[in-house]
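Report on the following structure.
Derivation of every value follows stated rules applied to the coordinates shown; laboratory data play no part. Given the structure is predicted, the values throughout are model-derived calculations rather than measurements. FYI the Cβ positions are ideal-geometry reconstructions off the backbone, even for glycines, and counts take in every protein chain you see.
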Amino acid sequence: MNRSPDLPEPLDVIAVGAHPDDVEIACGGTLAKLVQQGYRVGIIDLTDGEPTPNSAGPEVRMAEAEAAANVLGIDQRIQLNMPNRRLFDCFEHRVAVAREFRRYRPKLVIGFGDKTPLASPDHWQAMQITDAAVFYSRLTKWDDHFGGVPVHGVPCHLYFRLAVEPDAIPGNSHHLIVDISDTIETKIEAILRYKTQFEHKPDIEQRIRAAATVTGAAAGKKAGESFAAARPFAIDDLVKTVMGTS
Ligand SMILES: [Zn+2]
């Protein structure tokens, strides 16, 4: 009989990116806010993002990712070492991500929600891997693929978009904006930890701030990040929800 392996302390939220810096750019302000609100937050990077033109190698990139996670207050950053630039949705990758969902038992998973034209095609593959992993995580009678780690049903799944992509993700009718007025500076600080990626792009700070300003302004806030719900979700207190922080 298989004994269940020891499980780590659960995470409330896991955000999944293809490369270190995806998650910071997409939803760093929201993750920092969740941490401030007392939630345990994790990040899964499917690849190490290397090689890139201005990086000395994976060790440097990993150190940057760790520094960025510390700025946001992330509890756990997980590197799955899938191949950068040739990331493909396949059974093994789905199982690898689902195994982390089973181990960390998140209430909410946030991941890519669309293609990113003119940017890395890994992002689109990451969406498909994450979608499948959310499903695989809850499948019974499949324990041999997961080393005996018990099933976990992920209750909620949101899609993020990179900060400079359009706010609404086509094909998704349920969007929401998180007010990141108090954490936009933390988000920028985390992104700037990726010196190999952004030191030669001095306008990155301005672009991230401008994108957050436009997104937030649509909802009357100083700064925001936009998400689409993978499926509609029900709320309990309509007034409290629509009033938000105002
Ligand atoms: Zn990326």
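Classify segment 47-90 as rounded, prolate or oblate from the Cα gyration tensor: take a ≥ b ≥ c as the square roots of its eigenvalues, call it rounded if a/c is under 1.5, otherwise prolate when a/b beats b/c and oblate if not.
The shape class here is oblate.
Positive end of the charge dipole of segment 13-243 (Lys, Arg +1 and Asp, Glu -1 on Cβ, about the Cα centre): tell me which of A223, I235, G171 has its Cα farthest that way.
Working it through, the farthest residue towards the positive pole turns out to be I235.
If I stretch the segment between D89 and L238 completely, what's the gain in nm (0.36 nm per residue apart, minus their alpha carbon distance), one decimal?
49.8 nm
At 0.36 nm per residue, minus the direct Cα-Cα distance, what do Q206 and E59 gain on full extension? Give it in nm, one decimal, please.
Value of the extension gain: 50.1 nm.
Work out the FRET efficiency for A119 and D6 from their Cβ-Cβ distance, taking R0 = 35 Å, and round it to the nearest 0.05.
0.35
Taking the chain as a Gaussian network, where each spring joins two C-alpha atoms under 10 Å apart, which residue of H123, H174, H19 fluctuates the most?
Judging by the Gaussian network model, the answer is H174.
Can you tell me how segment 13-243 classifies by the Cα gyration tensor, rounded, prolate or oblate, using a/c under 1.5 as the rounded cut?
Oblate shape, in that a/c is at least 1.5 and b/c is the bigger or equal ratio.
Please report E165, E205 as a ranked list, fewest other C-beta atoms within 10 angstrom at the top and most at the bottom.
Ordered from fewest to most neighbouring Cβ atoms within 10 Å, E165, E205 come out as E205, E165.
At a threshold of 8 angstrom on Cα-Cα distance, excluding pairs fewer than six apart, so keeping six or more, what relative contact order does the chain reach in percent?
Computed over the chain, the figure is 23 percent.
Can you tell which of T140, T130, T213 shows the greatest fluctuation in a Gaussian network model of the chain with Cα springs below 10 Å?
T140
Taking a point 7 angstrom from the Cα of A218 along the C-beta vector, which residues in segment 225-245 have backbone N less than 18 Å away?
Answer for this model: 225-233, 242-245.
Of the listed pairs K187/K222; K33/K107; K33/K240; K115/K141; K33/K201; K33/K222, which have alpha-carbon separations greater than 22 Å here?
Violating the 22 Å Cα-Cα cut-off are K115/K141; K33/K201.
If you build a Gaussian network model of the chain, linking Cα atoms that sit under 10 Å apart, which residue out of A190, A63, A223 swings the most?
Among A190, A63, A223, the largest GNM mean-square fluctuation belongs to A63.
Using the crude model of +1 on Lys and Arg Cβ and -1 on Asp and Glu Cβ, and no other charge, please compute the dipole size for the chain relative to its Cα centre, in debye to 20.
460 debye
Using a 10 Å cut-off around each Cβ, can you sort I74, I129, I188 from fewest to most neighbouring Cβ atoms?
Listing I74, I129, I188 from fewest to most nearby Cβ atoms yields I188, I74, I129.
May I ask you to sort D45, D182, D144, D131 by Cβ crowding, counting other Cβ atoms within 10 Å and putting the fewest first?
D144, D182, D131, D45
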